[in-house]
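One structure is given below, encoded as structure tokens.
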Amino acid sequence: MNERRPSHPIAVCADTAPLCVRGRFAVQAMALFGALLLSACAAPRGTGDLGLVVERATGSVVVVNSSTQTRLAAINGLGDLSHASMVFSRDERYAFVFGRDGGLTKVDLLAERVVKRVIQAGNSIGGSISQSGRLLAVANYEPGGVKIFDTATLTLLADIPAEYDGGRSKVVGLADAPGERFVFSLYDAGEIWVADLADPNHPTIRRFKDVGRFPYDALITPDGRHYLAGLFGEDGIAMLDLWNLDAGPQRILAGYGRGEEPRPVYKMPHLRGWAIAGDYAFLPAVGRDEVLVVDRRTWQEAGRIPVQGQPVFVMGRPDGRHVWVSFAYPKNSAVQVIDTTTMQVIRTLQPGNVVLHMEFTPRGEHIWMSLREDHMAKVYDTATFEELAAVPAQSPSGIFFTARAHRTGL
């Protein structure tokens, strides 16, 4: 009867084989066993509760977990992040970081490393990702314009110079819209452009002139229909209905500060906070200690809410019940919460020194705030307003969670 031999690699050596050969197989077998054991223990990791915190002073980002409220890793080598923003791939694995130095960086959140980095301009202000997730658009100050990249390879596909009668304009307020379109404003020209990238090699541009003086930032409503651009050079908001472009831009909230002396503006307000709650939009008033309320059914002013300083971010909790407001200097260490049913401030928090950015968890049960001078991000319960955690980060600014991958305009 033939002897049955075991299949383990160590046993394939005959007794007469040299000791060194048997030893080599033993080492290989142990290495294979160890690798299989590690593979079995390391479960696959999703990305739905991950995010990045920008460390503006060190050119790095911190990978954080919003479920455990912990810091996982730091990724270095991203250049000038003094005014950085980012978007995420559809699978939430990759972040695309837009740096002030014109750098566009692709970051792998699971491998915790930079995949690729290109310097695409001299001075960049942000970017967006298309509805399909295949195209990246970057808004540039220098030279003024928008560049379109392939998300897989960061290959340049199109260059759209922001040229107008007076020269070349800075581009601001870039937002993605349904149908592989991007909408953006020309700060110097006072124009809004809609770029259709259905064919990335041959973009078509529709231009709207005389929308107002110095559009400085913009938001697009969650349904992707209305593009709202704030005006720095005059009171009011320019609005474009993307479902009816032939109607052209409209002006809303014109003259909200009429008859009053202009005040110094210490920091430009931001509109990209998605301050949309139910039938109302909540917008920061340039140079005023007010949040402006707009009825989305008529796009007429519905009220003004006094707050403690000049608002920078006015952000709606995902369920729309509360709006959280951060402020410019010298009130930038406080945050106020507005109840959207009463249109009144219901809570003032003092999280720490210099609140720069806020971000809700996907369903809104928590909010994260970056505290630049305290070198940390703090986490609060949005129902009880209790502080839950402090996550270390060097001079943190922007906080971005991967859930943004599935929201229009972020």
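What to note about this one:
- Only one entry of THR47, THR58, THR153 meets the criterion of being surrounded by 14 or more Cβ atoms within 10 Å (Cβ to Cβ), farther than 21 Å from THR408 by Cβ and at pLDDT 95 or above, and that entry is THR58.
- Residues (among the charged types (D, E, K, R) and closer than 27 Å to THR361 by Cα) located in the range 264-288: LYS267, ARG272, ASP279
- Subset tally (residues that are within 14 Å of THR153 (Cα to Cα) and not polar (S, T, N, Q)) for the range 103-118: 9
- Where strands (runs of 3 or more DSSP E) fall entirely within the range 256-320, none has at least 3 residues that are in contact with a helix residue (DSSP H, G or I) (Cβ under 9 Å, 6 or more places away or on another chain).
- Scope the range 344-377; condition surrounded by fewer than 22 Cβ atoms within 10 Å (Cβ to Cβ), among the polar types (S, T, N, Q) and under 21 Å from PRO311 (Cα atoms); matching residues: GLN344, THR348, GLN350, ASN353
- Sole residue being in contact with a Ser or Thr (Cβ under 9 Å, 6 or more places away or on another chain) and in a strand (DSSP E or B), chosen from GLY133, GLY126: GLY126
- The lone exception for ASP176 - which of (1) crowded, with 23+ Cβ neighbours inside 10 Å; (2) within 22 Å of ASP210 (Cβ to Cβ); (3) not aliphatic (A, V, I, L, M) it fails: (2)
The values are calculated or read from the model by the stated rules, or taken from the named source; none is laboratory data. Because the structure is a prediction, the values reported are computed rather than measured. So basically every Cβ, Gly included, is an ideal-geometry build from the backbone, and we count neighbours across all protein chains shown.
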